[in-house]
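Below is one structure; the comments refer to it alone.
Values quoted throughout were computed directly from the atomic coordinates according to the rules given, and no laboratory measurement underlies them. Note that the structure is predicted; figures quoted are calculated from it, not measured. So basically every Cβ, Gly included, is an ideal-geometry build from the backbone, and we count neighbours across all protein chains shown.
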Amino acid sequence: MMKRFLVQAVCLLIFICCNAGVCFSQKRTIDQRVDSVLKLMTLDEKIGQMNQYNGDWAATGPITKDGDKQEQIRNGKVGSMLNVTGVDHTRTLQEIALQSRLKIPLLFGQDVIHGYRTIFPIPLAEAASWDMVAIQQSARIAATEASAAGVHWTFAPMVDIARDPRWGRVMEGAGEDTYLGSMIAKARVTGFQGNGLGNTDAVMACAKHFAAYGAAVGGRDYNSVDMSLRQLYEIYLPPFKAAADAGAATFMNSFNDLNGVPATGNKLLQRTILKGQWNFKGFVVSDWGSVGEMINHGFSKDNYEAAMQASNAGSDMDMESRSYIQNLAKLVKEGKVKMPVIDDAVRRILKKKFEMGLFDDPFRFCNEQREKQQWNNTQHLIAERDMAKKSIVLLKNDNKLLPLSKQTKTIACIGPFAKAKSDNLGFWSYDWPDDSTRIVSLWEGVQKKVDANTKMIYAKGCGIADTSHAGFAEAIEAAKNADVILLSIGEARDMSGEAKSRSSIQLPGVQEELVKALYATGKPIVVLISAGRPLIFNWTADHVPAILYTWWLGTKAGDAIADVLFGDHNPSAKLPMSFPIAEGQIPIYYNHYNTGRPAMNDSDKFYRSAYTDLSIYPKYPFGFGLSYTSFTYSDVSLSAGTIKAGQKLTASVRLTNSGNYAGTETVQLYIRDLVGSVVRPVKELKGFQKVELAAGETKTVSFVITTDDLKFYNDDLKYDWESGDFEIMIGGSSAEVKKATVNWNK
Ligand code: BGC
């Protein structure tokens, strides 16, 4: 007994020395260092590492609610905190953590979803840019700012495929497509983690919500998901796999049940697929309270059972359920959770703390000077404006109304978003005290852009969700006195986001009536729509000559919109989700199956897979977006009509800029496997390129296709390709492609 005590005391001494950076520890591998810490830990200390609390930090002082959290941190009962940011606050709590017996530093996690100090466009908007360099850069900047404020870990990227715009969380992801979503997952993870954990400007990424959260029935948040494993593997998992392959440090599981088993207690997802088949070495955090919520699901009898099921299933850290801290010790003692399960979870968590360099210097993210520098980094604002203009989608531009002349004599700037500030930021963003001076409204952006002699008239017209027409008269008067109307409408920043599912996704309030009233003045009208999801605005789409979808664009929204309105930036964004004509079409997505009775067009309804009272086509398809110039595609030429396994196919088009402006086209490659052992989608995105062309210029755009691009999960969940005919399609949207067919044989 005495001997054991002595050994432990010596180990502890070595460990403390190592933490103070005074010993040979650097020479040991991280795994060895993790093991040496683990050996010293009591069961309670281990469970403490698996416990995460919310900060409840009041801006003016330390933790206000749950004051005992500080005591728990001091006692080694907390491994991580969320919603504690700023050098001051994180330092204070880290100092408390270092008073614990083993001085294990805390991890600070935060939802840095689309920027921290500089707010970038919402992720769905960024996805519309199809620009991986810009998206990676946006995540890089978010990480730079957040890490300077003491944050170690962002709960992003959200990589849930979403085919249902009623679900408010579509704003957080990359839309409906698996291929695009996977590319973006990789770009974001790479951006957040920069040159690797251990650099003080890198934050750990967290791929969430694992898995299939975006397929919630009816688009209702937190709802159940029931889907075939084939669909899970083929459509919903690849972006997660891409995030894991890109080195995402952590995963977050999800609130939903998947085929009857809550994701948090789901062994198939967390143990078999993630930690097994994918060999993921990071750790999994639960979603907020999702361990305890397994009781509501009817999967766990009580918190004791919930802790057992979640930890055994591979949930390593419990966010805010308190199920682990209250039950795991008993569960271990009763043999219901085995020690190796605990050790594995703690090892994974400690490993990340080591990789972040926190054992070497727990305060390495607490540098006031760096925090100050990053607080007003003007380079970041420039990058934000660039990302924002690349995210704006031109939906309509009849008679080339856009771009507008900077010399326009009188502009009426109307609508609830015309002078909006914080609504430009969108859900999952922070309100900083000086935001009103930093955020650029549309009004300000346009004012800066136009000629000194241009007169600008403002009228609000109505509020976002108003039922009153009281402001219409003033708006009509403003319109009548103008040469052009800029009408900025949409959703308030809290209308899309978590728990913001809507059964109606029409423009809220009387905004579309305002469109009608202003259209009736006969003045040219440009409608700008700010939103976090695809909205329905059929009357507007069918009548007004010009529409820009401006999402929630972030800090420099007004500047970016003005860049596009006045032609300093030629739009090239393409929709990452289909826009329905009516809610009755949802879920609507481009990569559906053909069915046995496909309708060939909207009049083809006789015993067809169609609606008797509604079109089957979206208002705007996936991949759609216009430019101020026009692009002409030649037919697709293939390097061969018949090829064999092991060979590559090159598919090319000649792309001509047939308009008057230089522009960038996002050329999209789709493939259809015409006959399969299981049915295949009518088309699947397999590649894209952004091609810049001067007016009148022509370029050949080629894609190299391999049999990897033909693979799918068959009925036995085997991932392979099958011989046969394949349609190769290239075009500027999922609905407008040129085709050629290849016969590919094993
Ligand atoms: C959300 C997560 C988020 C977490 C922490 C949950 O409600 O689903 O996406 O990371 O809260 O804020």
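A few notes on this one:
- Square roots of five times the Cα gyration tensor eigenvalues for region 243-385, Å: 33, 18, 16
- Value of Rg/Rh across region 656-736 [Cα atoms, Kirkwood radius]: 1.11
- Within region 191-283, the percentage of alpha carbon pairs spaced more than 24 angstrom apart rounds to 23%.
- Ordering 96, 136, 695 by the projection of their Cα atoms onto the charge dipole of the chain, which places +1 on the Cβ of Lys and Arg and -1 on the Cβ of Asp and Glu, puts 96 at the extreme positive end.
- FRET efficiency for the pair residue 638 and residue 697, taken as 1/(1 + (r/R0)^6) with r the Cβ-Cβ distance and R0 = 25 Å, rounds to 0.55.
- Distant-in-sequence amide H partners of residue 115 (H built 1.01 Å from N, under 5 Å): 120
- Beta bridges per DSSP, both residues in the chain: antiparallel share near 50 percent.
- With each label modelled as a point 7 angstrom along the Cα→C-beta vector, the residue 330-residue 377 pair spans 4.7 nm.
- R0 of 51 Å, Cβ-Cβ distance residue 343-residue 453: FRET efficiency to nearest 0.05: 0.10
- When +1 charges are put on Lys and Arg Cβ atoms and -1 charges on Asp and Glu Cβ atoms, the dipole computed for region 104-210 relative to its Cα centre reaches about 120 debye.
- Short to long, the 5 Å bins of the Cα pair-distance histogram for region 584-649 hold 3, 12, 15, 15, 11, 15, 15, 11, 4, 0 percent of all pairs.
- Long-range HN-HN contacts of residue 530 with modeled amide H, under 5 Å: 489, 490, 491, 550
- Sequence ranges 378-384, 465-471, 243-249, ranked by mean other-Cβ count within 10 angstrom, highest first: 243-249, 378-384, 465-471
- Potential lengthening of the chain between residue 679 and residue 608 amounts to 23.8 nm, from the contour at 0.36 nm per residue minus the alpha-carbon distance.
- Part-to-part distance (alpha-carbon centres) for region 710-724 and region 353-398, which is given in Å: 41 Å
- Placing a pseudo-label 7 Å from each Cα along the Cα-to-Cβ vector at residue 506 and residue 708 gives an inter-label distance of 4.8 nm.
- Average Cα contact separation per residue, the chain, under 8 Å, 6 or more apart, as relative contact order %: 12 percent
- In a reduced charge model with +1 at each Lys and Arg Cβ and -1 at each Asp and Glu Cβ, the chain shows a dipole moment near 1480 debye about its Cα centre.
- Its Cα gyration tensor gives region 100-224 an equivalent ellipsoid. The semi-axes, each the square root of 5 times an eigenvalue, are 26, 18, 12 Å from largest down.
- Percent of Cα-Cα distances greater than 34 Å, calculated over the chain: 51 percent
- With a Förster radius of 35 Å applied to the C-beta separation of residue 594 and residue 513, the computed FRET efficiency comes to 0.30.
- The chain, helix-only ellipticity at 222 nm - DSSP H runs n ≥ 4, -39,500 (n - 2.57), divided by all residues, nearest 500: -8500 deg cm²/dmol
- Candidates 282, 30, 610 compared by Cα position along the dipole of the chain: farthest toward the positive end lies 30, with charges placed on Cβ.
- Using a cutoff of 8 angstrom between alpha carbon atoms and counting only pairs six or more residues apart, the relative contact order for region 246-304 works out to 40 percent.
- Along the chain, the longest continuous region that contains none of the chymotrypsin sites (Phe, Trp or Tyr not before Pro) in a DSSP loop with at most 12 other C-beta atoms within 10 Å is 1-592.
- Within region 556-650, trypsin sites (Lys or Arg not before Pro) in DSSP loop having at most 13 other beta-carbon neighbours inside 10 Å: 648
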